1. I'd like to know if region 407-426 contains one or more residues that are small (Gly, Ala, Ser) and more than 25 Å from Asn474 (Cβ to Cβ).
2. Of all residues being over 28 Å from the mean Cα position of the chain (by Cα) and part of a strand (DSSP E or B) in region 617-637, which is surrounded by the fewest Cβ atoms within 10 Å (Cβ to Cβ)? Just the residue, please.
3. Here are Phe387, Phe302: which of them is crowded, with 20+ Cβ neighbours inside 10 Å and modelled with pLDDT of 90 or more?
4. Can you confirm whether region 206-213 contains a residue that is modelled with pLDDT of 90 or more, open to solvent by less than 50 Å² (accessible area, probe 1.4 Å) and outside any strand (DSSP E or B)?
5. What about Lys429, is it under 17 Å from Glu54 (Cα atoms) and either open to solvent by less than 40 Å² (accessible area, probe 1.4 Å) or at pLDDT below 90 (or both)?
6. Going by the conditions given, is Tyr307 aromatic (Phe, Trp, Tyr), under 17 Å from Val113 (Cβ atoms), open to solvent by less than 60 Å² (accessible area, probe 1.4 Å) and part of a strand (DSSP E or B)?
7. Mind checking which residues of region 554-574 are assigned to a loop (DSSP other than H, G, I, E, B) and of a type in the set (Val, Ile, Thr)?
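The values are calculated or read from the model by the stated rules, or taken from the named source; none is laboratory data. Source: prediction; values computed, not measured. Every residue, glycine as well, gets a Cβ built from its backbone with ideal geometry; the counts of neighbours run over all protein chains shown. For the accessible areas, the whole protein counts, side chains as well, though only heavy atoms, and no ligand, DNA or RNA atoms are used. Shrake-Rupley method; radii C 1.70, N 1.55, O 1.52, S 1.80 Å.
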Amino acid sequence: MLRSLLFKNKVLIPFAAFSLFFTGYARSQVIEEEDAVIEVSAQKLVQEISELVEQKSVVSEEEIQKSGAKTVGDALKNLPEITVSNASAGNANESISMQGLGNGYVKIMIDGVAVSSDFDGSTPIFQIPVENIERIEVTKGADSVLYGSESMGGTINIITKKNAENADSEENVKISGSLTEEFGYSPAISNWKNYLAGTFFAGGKNLSNSLAACLNYVPGKEKTTFDALAGKITYFENTQKILGFACDTLTWKDNWGNVAIYGLYADSDQKSNFTKTGYDKGAEMDYRSFRGEGGLNAKYIFGDNFYLDGFSAGKFYYMKTSYDVKAGVYSSSSSTDSNSCDWESDIRAHWKLNESNDLIFGANADLESIDGSSFGERKYALETAFFAQDTILLFDEKLSVVPGFRLNYSPEIQGSSTNFMATPKLALKYAPTEYTAFRLSYGMGYKMPSLKEKHWIFRHSYAPGAGNFILYGNPDLKSEKSHSLNAEIEKNVANYFKINLGGYFNYIIDLIDSVVIDATSSPQIREYQNVDKAITYGGEVSACTELERFKGKIGYALTEAKSFNDSSDEWQDLALRVRHRVTAGAEYLIPVIETSVSANVQWNSKQLLSTGTDYYSPDYLMLNASLSKKFFDEKLEVYFGADNILGNKHFKKGTNGENQEKYYGLEDGTTLRLGAKLKVER
């Protein structure tokens, strides 16, 4: 319904839709914070960011807005340690990679609750809007003790605004909200797009309600051509995208703690074309997905030194893909659909034993199921865990030690093997002076085989020879395990700028991969198996400064990733990794007119596209800039931005001659943005 209405009226409907979705997006617990303080959500400790034991990066609300990001994927692209693979032409997904570990190895959460994953192992980050995000916390390296499976490469926790903290301490009702409208235009293809978002909060002494919504619409540009065989062909010159999102949270806060119930819904539809020549130009890919989630968060305070908190959440995800060739007698159509249901519960106790010890212990249970056209029947998996972690302060708090362990058990279900894992962790931080800190950590990570890897039956019949195959799941897969080492030096130079230098090494055992088990049959037979070992190693260096009117930062990341091939007895480079990555950003507040100007740039080196080959993608270079001015006591902000300013100029073409524009589907070139954000409060 949403899609049909949008196409009937491309201008008025976004505004009408917002009148129905004028909402706020907040989930969660009430913890008082000061401007210079960051809440470490997993540990529930309130600390200065410089005091954290683990290596952590933070993307603030202000940085998100200045970058022009509309989704979490966009917001993370300015961190050097994270690679967000851009949705190339014909691929509707974005995926995240940290420390050389990609889809399914980085756990993404919203206020500590894991986001439901796509069926290829990646979390649909393009479905998570930035509206009402306070900050994004990124923890580097394996942290399976607190987060469990899928955190071998790192964790990303999206912290939403705690609007309940702003509720009036008396009986008066406080009302606040915001409205953002942004119009974008691409001169290269004469195409426009629209982004509309808002929040609304109402609350008193005990009861409050937060609502939020957004609608992101990129209509795409259709083009018509003629083919000698197929005749008239209509195709999308750039990707058409529609994303709608809404979330509501009701919170009760009292002296004993708080309890909140929430629900959210996100719906996206993307259309693109695989090829650009011949009658295949009409080969259209339609990627439709939606997710719903609802649950309860609660916190009960027993005293100054002990409290319990936890959540119970149900998540549903549905995806349908269709492949249509609209070219006369060559027309054809095929589609697949899948859905997953997930129920997760987590409870944690936080006990401050004394001035030197903060102890966390708790339990987690996660029941998953999956079904669809590639599964014979609905499949199930259950994962349970017990965990404990302590933060110990020694030598006048100059040395911090964080030991921890997790016991994980997955019983046999539908013929799958039983899995038991014990994962330890040890993190150290030594701060000899106020301006210097050394961090060192070891963590054992693990990744449970997904239901897709256990039970999926995938038929690939779109290509001849080795491209015509059937891939079978394997219910006897063992969990992947990793040993992760991280080290970092942080130096604050006279409060003018800060330098971070870090390195890492990951060793992965029982790596899950697809293996050819019968190359002579037609189609070829493949199966998921535990086979090769793998290693990833590298490091990052970054520097940032924050003066009265100027902010700047620059970062570089090196990533090496290799797997061991038993048949050739040698290590080979893993595909789809960005070896070199550079990011930089700057912001300046112009005196007198008090107008902010900012710019950010990112560069990814070429990627190996297939292990054991010399086939590479082009490199990727992107420069964005914005100008903003606040009015009426900062209640109204007006801004202008330009994305892809270089118009897809870059350094290296891909092996097959593809440039950045064609490979990543960036036919829209430079995009101009004009927007305004209004904040109201009573």
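1. no
2. Restricting to residues being over 28 Å from the mean Cα position of the chain (by Cα) and part of a strand (DSSP E or B), the top hit is Phe631.
3. Answer to the selection: Phe387.
4. Here is the first cut: in region 206-213, the ones modelled with pLDDT of 90 or more are 206-213.
Going one step further and asking which of them are open to solvent by less than 50 Å² (accessible area, probe 1.4 Å), we end up with 206, 208-213.
Remaining after also requiring outside any strand (DSSP E or B): 206.
Yes, region 206-213 contains a residue that is modelled with pLDDT of 90 or more, open to solvent by less than 50 Å² (accessible area, probe 1.4 Å) and outside any strand (DSSP E or B).
5. Numbers: under 17 Å from Glu54 (Cα atoms): yes; either open to solvent by less than 40 Å² (accessible area, probe 1.4 Å) or at pLDDT below 90 (or both): yes.
So Lys429 passes the test.
6. In short, no.
7. Let us first name the residues in region 554-574 that are assigned to a loop (DSSP other than H, G, I, E, B), namely 566-569, 574.
Once the filter is applied, which keeps residues that are assigned to a loop (DSSP other than H, G, I, E, B) and of a type in the set (Val, Ile, Thr), region 554-574 yields nothing.
Yes/no per residue for (1) out of contact with any Lys or Arg (no Cβ under 6 Å at 6 or more places or on another chain); (2) open to solvent by 40 Å² or more (accessible area, probe 1.4 Å); (3) closer than 20 Å to Tyr105 by Cα:
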site	(1), (2), (3)
Leu407	yes, yes, yes
Thr436	no, no, no
Pro449	yes, no, yes
Lys452	yes, no, yes
